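All remarks here apply to the structure that follows.
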Protein chains: 2
Amino acid sequence: MSPRKIGVTELALRDAHQSLMATRMAMEDMVEACEDIDKAGYWSVECWGGATFDACIRFLNEDPWERLRTFRKLMPNSRLQMLLRGQNLLGYRHYEDMVVDEFVEKSAENGMDVFRVFDALNDPRNMAQAMAAVKKVGKHAQGTICYTMSPVHTVEGFIKSAGRLLDMGAESIALKDMAALLQPQQAYDIVKGIKDTYGDVQINVHCHSTTGVTLVSLMKAIEAGADVVDTAISSMSLGPGHNPTESLVAMLEGTDYTTGLDMDRLLSIRDHFAKVRPKYSEFESATLVDTDIFSSQIPGGMLSNMEGQLKAQGAGDRIREVMEEVPRVKADAGHPPLVTPSSQIVGTQAVFNVLMGRYKVMTGEFADLMLGYYGKCLGDPNPEVVEMARKQTKKDPITVRPGDLLKPEWDELVSQAEGLEGYNGTEEDVLTNAMFPGVAPKFFKERPEGPKNVGKTAEQLNTEKVAANAKSKGIQGPAKYNVTVGGRSHSVSVEPV
Amino acid sequence: MSPRKIGVTELALRDAHQSLMATRMAMEDMVEACEDIDKAGYWSVECWGGATFDACIRFLNEDPWERLRTFRKLMPNSRLQMLLRGQNLLGYRHYEDMVVDEFVEKSAENGMDVFRVFDALNDPRNMAQAMAAVKKVGKHAQGTICYTMSPVHTVEGFIKSAGRLLDMGAESIALKDMAALLQPQQAYDIVKGIKDTYGDVQINVHCHSTTGVTLVSLMKAIEAGADVVDTAISSMSLGPGHNPTESLVAMLEGTDYTTGLDMDRLLSIRDHFAKVRPKYSEFESATLVDTDIFSSQIPGGMLSNMEGQLKAQGAGDRIREVMEEVPRVKADAGHPPLVTPSSQIVGTQAVFNVLMGRYKVMTGEFADLMLGYYGKCLGDPNPEVVEMARKQTKKDPITVRPGDLLKPEWDELVSQAEGLEGYNGTEEDVLTNAMFPGVAPKFFKERPEGPKNVGKTAEQLNTEKVAANAKSKGIQGPAKYNVTVGGRSHSVSVEPV
């Protein structure tokens, strides 16, 4: 029996640099690798999403739509893949349905093939319009389950979630584990359950590597029937990023599975990013492996946010209390997965509860979460806290799809864009400004200056290397400098004491 | 059914710092963690071996026997474990049987419980005396299979090797993968094969993490019946080291297996070494993950050795040829696993072959390897090359156990030690000098000065942190210094340009 082919999604161009180097990689540092990526035999190439879009216009003066078109040109044989936050698109609020349709249409037109659609609360109503829009333009609509651990997030629950996504027309199901929480047995049980319940539906599994355990989870997911798994080339892997692509290949050698990836191409991709990665070292976190989340249930980024908030209030010593408060707040909200934006909303409210008394002061966002304005969580919200939110905000709880409350806004968004200096008259620009109204105006104005690369130059890297070599050798004797003081040059000798 | 208990060997005190920081960790940086390690519930604590012994007397002015006694005192409830290179003991030549007996007896007397006995060539005759000595003193004799890949190293071959170790009285079998080559399917097949063939013999699995794939191998080994696996606490893990202990725990949660380790103790051990590790950063390699060995079959350390040798001969550009020569030389020698010392012997000969013509000049070590003086490899040596070795060295090939050629040497070793300044009159000192005659004399002399710590001090670390902070903030404006030149003080302003 020939081994079963396991598809691989390469993450180097999106999630890997988002997770490892704060999404700072410039397009010019990716271009050279594209031919090898295109020909290595991946199932898809993830290359676009909210943070890459944001970073393009905020830090890199790069048009994200132009980036997408360039990827399309450079990788003509590949499925290009993006991460789409359902009704939020790539922004931080719900958009009216027509904006969702426009965005999906333009993304497809510019080259996108696979749309991984997700919602932070796993509320299918927040994904429905985006999924329908993807299907309408004939592209691959992938429905996503955000994995989390809670009393209401059971294997059976995740299997049911998959069913709802399939009812919505999902061509495949992604099991997305953004906090590296997905343990091997759960991975196996969920994938097996979905396959047993719904037949041979394509399942893609996405894990981060933070806890050091998720390559095993990918193995068990594959044994349970997973079809595609996400990895990043080794020189762009590990830590808060993802499992190394080459390790996946090695893992499957000799088993009943194979990736069919071209190892020579992989090595060439690896060598390219091994050169690029040091340019962005200042954006890297020091985390190599961290299993704390299994006991604390709090993602690392959320923890450091809360610590920052406490310190700003002179209450840095109360982090333990806040950590104990988080599970209560999360339960009161109906157990939302702790990802953006729910992690910030729950975390900030936990800090408020500890500093000012439980729910004495609610943030507007937390009240909205309690009242249903972000959508519905898997668990029910605590009715007493809902009532407090209603009283504090004078807003009524809703049970309808949040998107249904929005009025058509496309024409208004067009006029907004038209008022901006540098607006190029395209729907793409309208969408850019709609999603990032705080950043787009400045970007449109400065766009003609062309892309910036915030990585270090070869010269800077070389200077650092020389300095590091000098340091590792130690200062052997007195060093001589010419120092000019008040117009007169002096020879100065400096010696360690 | 309650989950099957999987034992864990903690590597932080031996192989982890050997692999990550060139074995430089001082005893004083381990002491604080010992109580938690002792009470965490490990199957054993690896804490002694050739490189730690060598580093103690070469770099740390620390008596390795005293280190062992300290571990014994600090961890009264734990099995202490060491790695023993068979007839080589901890040195680099074969020792006569009585020396082997003495060494094992003294090690046991000073506190050692589990002796993991191995031989670089997997020649059981090189392990027999050490195994017998361990059994004689009533300690745990663990027979070791060094894992490697070659045409003669088949799953069946490894199963047979295990049988020979059991015949020798091994209380358990270690499957030792020093190059992170052990892939999941092989791990499963070997462990399953041993269990199926010999019944419920205890199997310990030791993997490095270099290729990023071996936590999966541990999972498959456990599924196949492995009883104990080796890991290192997360703050002393990954890269050329080992898989993180906490990730192993998380990996098994929800499965039919459990480690039973105390997570609070693990976190406390982790926090201790997270503080210690930065002190030794200058000894760390930059390798995070490297899967090259699967295609090149050449361990990273061996590759850089050969590159160094070529460069010294002005032939740095011929590394490709040498890499192609290595498999031929390895095959001619009968496929020795490429670990110390066979990796150096094979690598150097491959360099000689490329520079001077194939086997035109043989190193003495390579000739000895061909003639059987290191023992017997699993494959047969190429008879033509054996003949060339015989001619070049005028030595005859041997088929007997190399140890059988040695004459009693204990009395001679005692007199040698007695002639040394600072010799303390113990058998332990005789053994130290016997194993490291190039280093021990200086150590004996300087021992009264007490242990040195080659890690950075808190003050040095703080200075570096301040400098790094300043750098990350960038120089904001001109910096002012007082510079004294020729006795006159000047105020100098330095500004980035």
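Of all the residues that make up the range B:100-133, how many are in a loop (DSSP other than H, G, I, E, B) and aliphatic (A, V, I, L, M)?
Start the filter on the range B:100-133 by keeping residues that are in a loop (DSSP other than H, G, I, E, B), which leaves B:110-113, B:118-123, B:127.
Those still in the list that are aliphatic (A, V, I, L, M) too: B:112, B:120-121, B:127.
Residues that pass the stated criteria total 4.
Applying the criterion of being open to solvent by 70 Å² or more (accessible area, probe 1.4 Å) and under 25 Å from B:Pro381 (Cα atoms) to the residues of the range B:309-326, the residue that is modelled with the lowest pLDDT is B:Arg320.
Restricting attention to the range B:56-93, the residues that are under 27 Å from B:Gly7 (Cβ atoms) and among the hydroxyl-bearing types (Ser, Thr, Tyr) total 2.
Of the residues that make up the range A:106-120, is at least one farther than 22 Å from A:Gly7 by Cβ and among the hydrophobic types (A, V, I, L, M, F, W, C)? Don't jump to the end; show me each part of the working.
In the first step, residues of the range A:106-120 are kept if they are farther than 22 Å from A:Gly7 by Cβ; the result is A:106, A:109-110, A:119-120.
Retained after the next criterion (residues that are among the hydrophobic types (A, V, I, L, M, F, W, C)): A:120.
Yes; the residues of the range A:106-120 include at least one that is farther than 22 Å from A:Gly7 by Cβ and among the hydrophobic types (A, V, I, L, M, F, W, C).
In this structure, does B:Ala468 turn out to be at pLDDT below 95 and within 14 Å of another protein chain (Cβ to nearest Cβ)? Yes; evaluated as a whole, the condition is true for this residue.
Which residue out of A:Gln297, A:Gln309, A:Gln313 is touching a Pro at 6+ places or on another chain (Cβ under 8 Å), polar (S, T, N, Q) and away from every other protein chain (no Cβ under 11 Å)?
A:Gln297
Might you check whether a residue that is within 26 Å of A:Leu431 (Cα to Cα), out of contact with any helix residue (DSSP H, G or I) (no Cβ under 7 Å at 6 or more places or on another chain) and open to solvent by 30 Å² or more (accessible area, probe 1.4 Å) occurs anywhere in the range A:393-403? The answer is yes, given that some residue of the range A:393-403 is within 26 Å of A:Leu431 (Cα to Cα), out of contact with any helix residue (DSSP H, G or I) (no Cβ under 7 Å at 6 or more places or on another chain) and open to solvent by 30 Å² or more (accessible area, probe 1.4 Å).
Identify all residues within the range A:225-258 that are of a type in the set (Asp, Glu) and facing another protein chain (nearest Cβ under 10 Å); write none if there are none.
Correct list: A:Glu246, A:Glu253, A:Asp256.
Residue count for the range A:164-209 under the criterion of being crowded, with 24+ Cβ neighbours inside 10 Å, among the small types (Gly, Ala, Ser) and in a helix (DSSP H, G or I): the result is 1.
Among the residues of the range B:210-224, write down those that are over 16 Å from B:Ser19 (Cβ atoms) and either facing another protein chain (nearest Cβ under 7 Å) or not in a helix (DSSP H, G or I) (or both). So that I can check it myself, show each step before the final result.
First, pick out the residues of the range B:210-224 that are over 16 Å from B:Ser19 (Cβ atoms): B:213, B:216-224.
Scanning the range B:210-224 gives B:Val213, B:Val216, B:Met219, B:Ala224.
If the condition is being assigned to a helix (DSSP H, G or I) and of a type in the set (S, T, N, Q), then the range A:268-307 contributes A:Ser268, A:Ser281, A:Ser295, A:Ser296, A:Ser304, A:Asn305. Considering the range B:4-22, and only residues there that are at pLDDT below 95 and among the polar types (S, T, N, Q), the residue that is least open to solvent (accessible area, probe 1.4 Å) turns out to be B:Ser19. Residue check: B:Lys360 meets all listed conditions (1) modelled with pLDDT under 95; (2) assigned to a loop (DSSP other than H, G, I, E, B) but one, namely (1). On inspection, A:Ser150 does not qualify as touching a strand residue (DSSP E or B) at 6+ places or on another chain (Cβ under 8 Å) and not charged (D, E, K, R).
Per the listing A:Met149, A:Met131, the residue uniquely open to solvent by 10 Å² or more (accessible area, probe 1.4 Å) and touching a residue at least 12 places away in the same chain (Cβ under 8 Å) is A:Met149. Taken over the range A:270-294, the criterion of being without any contact (Cβ under 8 Å) to a residue 40 or more places away in the chain and either away from every other protein chain (no Cβ under 11 Å) or within 30 Å of A:Lys452 (Cβ to Cβ) (or both) is satisfied by A:Arg270, A:Asp271, A:Ala274, A:Lys275, A:Ala286.
Suppose the filter is within 14 Å of another protein chain (Cβ to nearest Cβ), out of contact with any helix residue (DSSP H, G or I) (no Cβ under 6 Å at 6 or more places or on another chain) and in a helix (DSSP H, G or I); does B:Lys160 pass it? Answer is no for this residue.
Note on the range A:179-202: residues that are of a type in the set (Gly, Ala, Ser) and either outside the structural domain of A:Val213 (by TED's automatic domain parsing) or closer than 17 Å to A:Val228 by Cα (or both) amount to 3. Taking the range B:328-345 as the range and being more than 17 Å from B:Pro383 (Cα to Cα) and out of contact with any Phe, Trp or Tyr (no Cβ under 6 Å at 6 or more places or on another chain) as the test, the residues that pass are B:Pro337, B:Leu338, B:Val339, B:Thr340, B:Pro341, B:Ser342, B:Ser343, B:Gln344.
Number of residues in the range B:239-258 that are open to solvent by 10 Å² or more (accessible area, probe 1.4 Å) and modelled with pLDDT under 95: the value is 1. The single condition among (1) open to solvent by 30 Å² or more (accessible area, probe 1.4 Å); (2) free of Cβ contacts under 8 Å to residues at least 40 places away in the same chain that B:Asn433 does not satisfy is (1). Selection of first residues in the range B:449-468 that are not assigned by TED's automatic domain parsing to the domain that holds B:Arg277 and of second residues that are aromatic (Phe, Trp, Tyr) and surrounded by 14 or more Cβ atoms within 10 Å (Cβ to Cβ), restricted to Cβ pairs under 6 Å at least 6 apart or on distinct chains, gives the following pairs, ordered by first then second residue: B:Val454/B:Phe59; B:Gly455/B:Tyr280.
Going through (1) touching a residue at least 12 places away in the same chain (Cβ under 8 Å); (2) under 28 Å from B:Asp123 (Cα atoms) one by one, B:Thr70 falls short only on (2).
When B:Leu267, B:Leu338, B:Leu261 are checked against the criterion of being touching a strand residue (DSSP E or B) at 6+ places or on another chain (Cβ under 7 Å), open to solvent by less than 40 Å² (accessible area, probe 1.4 Å) and either farther than 30 Å from B:Gln460 by Cβ or within 14 Å of another protein chain (Cβ to nearest Cβ) (or both), B:Leu261 stands alone in meeting it.
The values are calculated or read from the model by the stated rules, or taken from the named source; none is laboratory data. Being a predicted model, the structure only gives us computed values, none of them experimental. All Cβ positions, glycine included, derive from the backbone under ideal geometry; neighbour counts span all protein chains shown. Remember, those area values only see protein heavy atoms, side chains included, never the ligands or the DNA or RNA. Shrake-Rupley method; radii C 1.70, N 1.55, O 1.52, S 1.80 Å.
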